[in-house]
1. Please verify whether G128 is outside the structural domain of Q20 (by TED's automatic domain parsing), on the phi > 0 side of the Ramachandran plot and of a type in the set (G, A, S), treating the condition exactly as stated.
2. Which residues, taken from region 37-62, are under 20 Å from the mean Cα position of the chain (by Cα) and exposed (fewer than 13 other Cβ atoms within 10 Å of the Cβ)?
3. Against the condition over 14 Å from the mean Cα position of the chain (by Cα) and under 22 Å from S184 (Cα atoms), how does L135 come out, does it pass?
4. So A129 passes all but one of these: (1) touching a Gly at 6+ places or on another chain (Cβ under 8 Å); (2) farther than 18 Å from L179 by Cβ. Which condition number does it fail?
5. Of the conditions (1) among the hydrophobic types (A, V, I, L, M, F, W, C); (2) assigned by TED's automatic domain parsing to the domain that holds R198; (3) over 26 Å from L179 (Cβ atoms), V57 clears all except one; give me its number.
Amino acid sequence: MSTTAPRRYRSPRRAESAAQTRHAILDAARVLFVNQGYVATTIDQIADRAGVSKPTVFASVGNKRDIIKELRDLAIAGDEDPVPLAQRPWFKEALEEPDPARSVDLHARTTVRLHQSAADLAEVLRIGAGADEELRQLWQTAEHERRADAATFIDALLSKGPLRAGLGREAAIDIVWVLTSADSFQRLVRARRWSTRRYEQWLAQTFRQQLLPSNDKLS
């Protein structure tokens, strides 16, 4: 007599419905987090805006910290594939570009792309971290990851040639880490209404001036 367990049937329609519910919850949470902040937003409000029950929110995504982490990861990566940022083709383009000046230009473009999709959530995290211990830990992790990405870029840049005279690796990483924060994007693009093109050009020029030998600066 066979003891093989029966194979569990997985309904494509049910899976599609679950994915739609999950997306509705995430979309609702993002609007609420951005408009009124992390602390002021409740699971009840998220459920009400998404048109689902409170238990469904927990079952589909999790608690508020789970939700904002998922939102941040999706905004940065663009999908749910477990591929690190530095291995994404659009991030690797700057790493693999042999010309240092062109490389920093491409990294500026990548930074703007990330800010367009994730800067508002970064601001939610930054503000919320001051009032919520779990969110503070998530914010610190996010900053650690961002500095690691800056280190990856600087190491790739060093493989192409020298940095600006007197600039060491650690200081260069710090410069990229600061310049790629969402704060300047929020202030210049969202508050001062710079176009993203103007911001990208400013960032590329600043990268060149701060990181590269003087003969690689923009003319």
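The values are calculated or read from the model by the stated rules, or taken from the named source; none is laboratory data. On a predicted model such as this, the values are computed, not experimentally measured, just so you know. With ideal geometry, Cβ positions are generated from the backbone for all residues, glycine too; neighbour counts draw on all protein chains shown.
1. no
2. Result: no residue meets the conditions.
3. Yes: the conditions hold for L135.
4. (1)
5. (2)
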